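Just so it is clear, none of the values below were taken in a lab; they were calculated from the coordinates. Since the structure is predicted, the reported quantities are computational estimates derived from the model, not experimental observations. Don't worry about glycine lacking a Cβ; one is built from the backbone with ideal geometry, like all the others, and counts go over all protein chains shown.
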Amino acid sequence: MSSELNIKSKKIFLAGHRGMVGSAILRKLEESGYKNILMRTFSELNLIRQSEVEKFFHEEKPEILIIAAAKVGGILANNTYRAEFIYDNLMIESNIIHAAHENGVEKLIFLGSSCIYPKLAPQPLKEEYLLSDYLEFTNEPYAIAKIAGIKLCENYFRQYGDNFYSAMPTNLYGYNDNFDLETSHVLPALLRKFHEAVSRRSEARGQGPENYVKIWGTGKPMREFLYVDDLAEAILFLLENINANDLYDKGISHINIGTGEDLSINELAGLISKIVGFSGDIVYDSLKPDGTPRKLMDVSRIHELGWYHKTSLEEGIKKTYEWSLNNSKFEIKN
């Protein structure tokens, strides 16, 4: 490991600062005294357009780069908008990583996803399992795009010595999450479903509508969840302490970030129903896909480097639910 004592004075471009992940990283950077942070909205800089990205890098000359920009969604969105998920993400990462190389960026951290691992990979998921078998079909386009980003970073390091590497977070949740039932991930979708069920029941004073919540699949898949503020702390830890050669010298192209703990979707639904105050039935739509049976990250490497998550799942869900209520994220539809 190496420490960059003057890193807080560097010009940092945080791509995707408005998303759940990017906004959490921005909060953490600002809390930690980083002041020279470049940010652009989509209307100011379309990362899918190569010419716009090249112009931005030529004019601004960022020294540090964190790529949290991506097109993201849950299993329904991934499986429905397959072409958009692979094209948009390939273009974003390709444009940024190449422009970073061309303009001499000193350090780049690319954020991927645990969906990069094969569908039936041994558990927990070690970094070495990348490309060892076939992917889960429903999110294959997104996964392929993220794998391409990992390999771009790795090979710009191998050919040019660029200090570019990747971090693979597990399933994330927290402030600024997406609660749209058509495009969200499982945890925020369940929060909204249970909240709406409680609200409707309350409005009906216990007399209908039906007192149950229906969720996708069998409830059997196992999932791991990391509070997004913990991820932000992990990215800051990597930024200040880890360089590309620290990973590539160990034979890995990226590093996992997670809790090392998982639970079934059924158990998650039970926990959320308790937090929200729902006392009805949980019904499973087994005709809907489950996705990968289990996705548990092996986080031994980042633990060895000195980083551990801090927020328990129950605590993180309570914080997320409170934030969602305070920010009117649930629209009740009758």
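Quick look at the values:
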| read-out | value |
| --- | --- |
| Gap separating the Cα centres of the stretch 1-74 and the stretch 204-280, nearest whole Å | 24 |
| Over 25 Å (Cα to Cα) - which of Lys10/Lys55; Lys28/Lys274; Lys71/Lys119; Lys126/Lys151; Lys151/Lys250; Lys214/Lys329 fall in this group | Lys28/Lys274 |
| The stretch 247-327: trypsin sites (Lys or Arg not before Pro) falling in loop per DSSP and having at most 16 other Cβ within 10 Å | Lys250, Lys310 |
| Gain on full stretching of the segment that runs from Glu44 to Glu304 - 0.36 nm per residue minus C-alpha separation | 89.6 nm |
| Long-range amide H partners of Leu125 with built H, under 5 Å | Leu296, Met297, Asp298 |
| Percent antiparallel among DSSP beta bridges (both partners in the chain, rounded to 5) | 5 |
| The stretch 158-310: relative contact order in percent, alpha carbon pairs under 8 Å with at least 6 residues between | 37 |
| Of Gly174, Gly306, Gly19, the one that fluctuates the most in a GNM where the chain has Cα springs shorter than 10 Å | Gly306 |
| Option label - Cα Rg over 2.2 N^0.38 Å computed here, alternatives [x] 1.83; [y] 1.01; [z] 1.56 | [y] |
| Rel. contact order, % - alpha carbon contacts under 8 angstrom, at least six apart, the chain | 21 |
| Unit charges on C-beta of K, R, D, E only; dipole of the chain, Debye | 620 |
| Mean separation of Cα contacts under 8 Å (6+ apart) over length of the stretch 1-82, as relative contact order % | 41 |
| GNM flexibility winner over the chain from Asp229, Asp262, Asp285 (Cα, springs under 10 Å) | Asp285 |
